[in-house]
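Visitor: Handing you this structure, nothing more for now.
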Amino acid sequence: MSETINTAAQFTSFEEPPVQFNERGWGPCELSDTFKDVPYQPFSKNDRLGKICDWTSTSNNDKKYQNKYASSFGTGNQYSYYHEEDETTFHLVDTARVQKPPHQRGRFRNMRGRGGRGRNPRGGLNNHHHHGMTTLNGKNVKARDTRRGMGKKFGHRGPPPKMRESSVAVRADWASIEEMDFPRLIKLSLPNIKDGVDIATCGTLEYYDKTYDRINVKNEKPLQKIDRIVHTVTTTDDPVIRRLSKTVGNVFATDAILATIMCSTRSNYSWDIVIEKVGDKIFMDKRDHTEFDLLTVNESSVEPPTDDDSSCNSPRNLAIEATFINHNFSQQVLKTGDQEAKFKFEEPNPFISEDEDIQVASVGYRYKKWELGSDIVLVARCEHDGVLQTPSGEPQFMSIKALNEWDSKLANGVEWRQKLDTQRGAVLANELRNNACKLAKWTVQAVLAGSDQLKLGYVSRINPRDHSRHVILGTQQFKPHEFATQINLSMDNAWGVLRCIIDLVMKQKDGKYLIMKDPNKPIIRLYDIPDNTFDSDDSDDGEGDDGEGFQQVYNYANNSNKI
């Protein structure tokens, strides 16, 4: 009993240590003399105690959270103290954070959606079908490592995008007047423009052969080479426009020039148009010996054709091929045997004389005028490619165009022979993505001409490596105004863009001007150029450096074929 009392007495004599209360924060209020002048590591409340004793850190290295035990103040190597007699073991290093180069950030993200083994059509990885793969909770734990072997080399950005060349070399004596960027042009609108009024009709049209509507992939038909001449006469060289300019209108152009301006916001390649202002009249012309009339191929594609002139799939060679196909298709689908069964307009073809004995393509010219407001009257030459006889006996005028397939794998498209009969909408949607500008220009030309139908043909190479032989796989027709709505083409905006450029030129003094699409930026520039620029005797104008432009289409097949 006495021992128990003595033990209790010992506990009652225990003195509690003094406790300091820090009213301003946490931790000790003052520093003890024992710890003065001793290096220390700063710490935070968020520091994990596991860094003091972590028995699993050496055997199970967690790569995902390598710094989970790191201090909030950094690695702190400058405060590390080593109790050694040799002071050379003391290390002082720079702990500044090293910034990764910009091209290394998100490198795996950039690899997604690109071609490669084990990827699905939407650009993701096909995690199934890989042998020896371990999954955890339905997720592929090897997907991260699988991506490392795909795509580009680590840190490699690839070659920079090639800069496109301008359609015409800008000279030092040209004065830049205005720059019009696409975001502003897209917002323009000129509503309530009525349909054009015919003031003259010329030419002869042939009737459409309805048997071509029954062509499909299983019943394809070879594309023939039609020996006919196609005239692509500019505005001021047109005798009818010269005649009409004396009595009606103050702005003159062709449907191809108007469509290029109206659809300029969808274009990627460079183009240019020469404008002459004489008094209160404006004449819009294309330059001679240029590629203005060539049809672009995959201009708006995410991966446009590579610029290699030695390849048949270069942009220039594809443009020549597409133009060749378009002209031959538009003539092949017509009834050419019966010379009497033709639709003749009031006047003959203005570009051939009576004594000339040549085969001319079926074409009908409509010279129409539009009232654009503010005393601006537009006169333009529009074209029809064919005519169709309705059951009631009334003629329906047609604009006939051809889409062409060159290589679906290189073009990042769908194979027509597999999808055209069953999923024609998917084929057309892919063409609208890759050739948005070309289809929009065709639609605008059909609307301006007043065509009742826009006939589209699907023409493909027999062999993707052979660009000289083609087959017709099918046809499709639309009403121009309805098709414009489907492709989100606003005619109010198209008229607004045209009116903007006309008003800009009307404010200038008399002279010669040039509007040009920048080859690498969504900008249209207006230049004031000398009056003798691009004249036929001006040999150093830089316009015909590449060759014959549209004339090469005539020599496309065996250097002897005429269209």
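The values are calculated or read from the model by the stated rules, or taken from the named source; none is laboratory data. This structure is a prediction, so every number in the text was calculated from the model and none was measured. No Cβ is skipped: glycine too gets one built from the backbone with ideal geometry, and neighbour counts run over all protein chains shown. Please note that ligands, DNA and RNA were not included when accessible areas were found on the heavy atoms of the full protein model with its side chains. Shrake-Rupley method; radii C 1.70, N 1.55, O 1.52, S 1.80 Å.
Visitor: What about F283, is it more than 19 Å from V444 (Cα to Cα), of a type in the set (F, W, Y) and touching a Lys or Arg at 6+ places or on another chain (Cβ under 9 Å)?
Guide: On the way: more than 19 Å from V444 (Cα to Cα): yes; of a type in the set (F, W, Y): yes; touching a Lys or Arg at 6+ places or on another chain (Cβ under 9 Å): yes.
Yes; evaluated as a whole, the condition is true for this residue.
Visitor: Can you name the condition, by its number, that D546 falls short on among (1) over 26 Å from L185 (Cβ atoms); (2) at pLDDT below 95; (3) open to solvent by less than 60 Å² (accessible area, probe 1.4 Å)?
Guide: The one condition D546 does not meet is (3).
Visitor: Cβ-Cβ below 6 Å, separation at least six or inter-chain, first residue in segment 257-283 and under 22 Å from M491 (Cβ atoms), second open to solvent by less than 10 Å² (accessible area, probe 1.4 Å) and among the basic types (K, R): which pairs?
Guide: Taking only residues 6 or more apart or on different chains, the pairs are S267/K517; W271/K517.
Visitor: Something else: Would you check if there is a residue in segment 385-401 being within 22 Å of the chain's Cα centre (by Cα) and either within 30 Å of S189 (Cβ to Cβ) or surrounded by 14 or more Cβ atoms within 10 Å (Cβ to Cβ) (or both)? Don't jump to the end; show me each part of the working.
Guide: First, pick out the residues of segment 385-401 that are within 22 Å of the chain's Cα centre (by Cα): 401.
If we keep only those that are either within 30 Å of S189 (Cβ to Cβ) or surrounded by 14 or more Cβ atoms within 10 Å (Cβ to Cβ) (or both) as well, we get 401.
Within segment 385-401 (the criterion being within 22 Å of the chain's Cα centre (by Cα) and either within 30 Å of S189 (Cβ to Cβ) or surrounded by 14 or more Cβ atoms within 10 Å (Cβ to Cβ) (or both)), the answer is yes, since at least one residue qualifies.
Visitor: Within segment 345-360, can one find any residue that is within 27 Å of I241 (Cβ to Cβ) and crowded, with 21+ Cβ neighbours inside 10 Å? So that I can check it myself, show each step before the final result.
Guide: Filtering segment 345-360 down to residues within 27 Å of I241 (Cβ to Cβ) leaves 345-360.
Imposing the further condition that a residue be crowded, with 21+ Cβ neighbours inside 10 Å reduces the set to none.
The answer is no; no qualifying residue exists.
Visitor: Could you list, in sequence order, all residues of segment 304-327 that are among the charged types (D, E, K, R) and open to solvent by 10 Å² or more (accessible area, probe 1.4 Å)?
Guide: Quick first cut of segment 304-327, residues among the charged types (D, E, K, R) only: 307-309, 316, 321.
Scanning segment 304-327 gives D307, D308, D309, R316.
Visitor: Next up: Only one of I229, I199, I193, I215 is surrounded by 18 or more Cβ atoms within 10 Å (Cβ to Cβ) and closer than 28 Å to V360 by Cβ; which? Write out each step before concluding.
Guide: On the way: I229 fails: surrounded by 18 or more Cβ atoms within 10 Å (Cβ to Cβ); I199 fails: surrounded by 18 or more Cβ atoms within 10 Å (Cβ to Cβ); I193 fails: closer than 28 Å to V360 by Cβ.
One residue alone meets the criteria, I215.
Visitor: Within segment 509-530, which residues are among the charged types (D, E, K, R), surrounded by 14 or more Cβ atoms within 10 Å (Cβ to Cβ) and more than 19 Å from F292 (Cβ to Cβ)? Don't jump to the end; show me each part of the working.
Guide: The initial filter retains those residues of segment 509-530 that are among the charged types (D, E, K, R), namely 509-510, 512, 517-518, 521, 525, 528.
From what is left, the residues that are surrounded by 14 or more Cβ atoms within 10 Å (Cβ to Cβ) are 512, 517-518, 525, 528.
Listed by number, the list holds a single entry, D528.
Visitor: In segment 442-450, is there at least one residue being touching a helix residue (DSSP H, G or I) at 6+ places or on another chain (Cβ under 9 Å), outside any helix (DSSP H, G or I) and either open to solvent by 20 Å² or more (accessible area, probe 1.4 Å) or of a type outside the set (V, I, T) (or both)?
Guide: Yes, there is a match, as at least one residue in segment 442-450 is touching a helix residue (DSSP H, G or I) at 6+ places or on another chain (Cβ under 9 Å), outside any helix (DSSP H, G or I) and either open to solvent by 20 Å² or more (accessible area, probe 1.4 Å) or of a type outside the set (V, I, T) (or both).
Visitor: Could you check how many residues of segment 266-303 are open to solvent by 10 Å² or more (accessible area, probe 1.4 Å), over 17 Å from I515 (Cα atoms) and in contact with a Pro (Cβ under 7 Å, 6 or more places away or on another chain)?
Guide: Residues in segment 266-303 being open to solvent by 10 Å² or more (accessible area, probe 1.4 Å), over 17 Å from I515 (Cα atoms) and in contact with a Pro (Cβ under 7 Å, 6 or more places away or on another chain): 0 in total.
Visitor: With the checklist (1) under 26 Å from I261 (Cβ atoms); (2) modelled with pLDDT under 95; (3) in contact with a Ser or Thr (Cβ under 7 Å, 6 or more places away or on another chain) in hand, flag the one item D375 doesn't pass.
Guide: Here D375 clears every test but (3).
Here's the yes/no breakdown for (1) out of contact with any Asp or Glu (no Cβ under 8 Å at 6 or more places or on another chain); (2) assigned to a helix (DSSP H, G or I); (3) of a type in the set (V, I, T); (4) modelled with pLDDT of 95 or more:
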site: T232; (1), (2), (3), (4): no, no, yes, no
site: I261; (1), (2), (3), (4): yes, yes, yes, yes
site: N268; (1), (2), (3), (4): no, no, no, no
site: I275; (1), (2), (3), (4): no, no, yes, yes
site: E291; (1), (2), (3), (4): no, no, no, no
site: S300; (1), (2), (3), (4): yes, no, no, no
site: P305; (1), (2), (3), (4): yes, no, no, no
site: D308; (1), (2), (3), (4): yes, no, no, no
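Visitor: With under 21 Å from E371 (Cβ atoms), surrounded by fewer than 21 Cβ atoms within 10 Å (Cβ to Cβ) and touching a residue at least 60 places away in the same chain (Cβ under 8 Å) as the only criterion, which of R469, R499 stands out? Before the answer, list the steps.
Guide: Details: R469 fails: under 21 Å from E371 (Cβ atoms).
Just one listed residue meets the conditions, R499.
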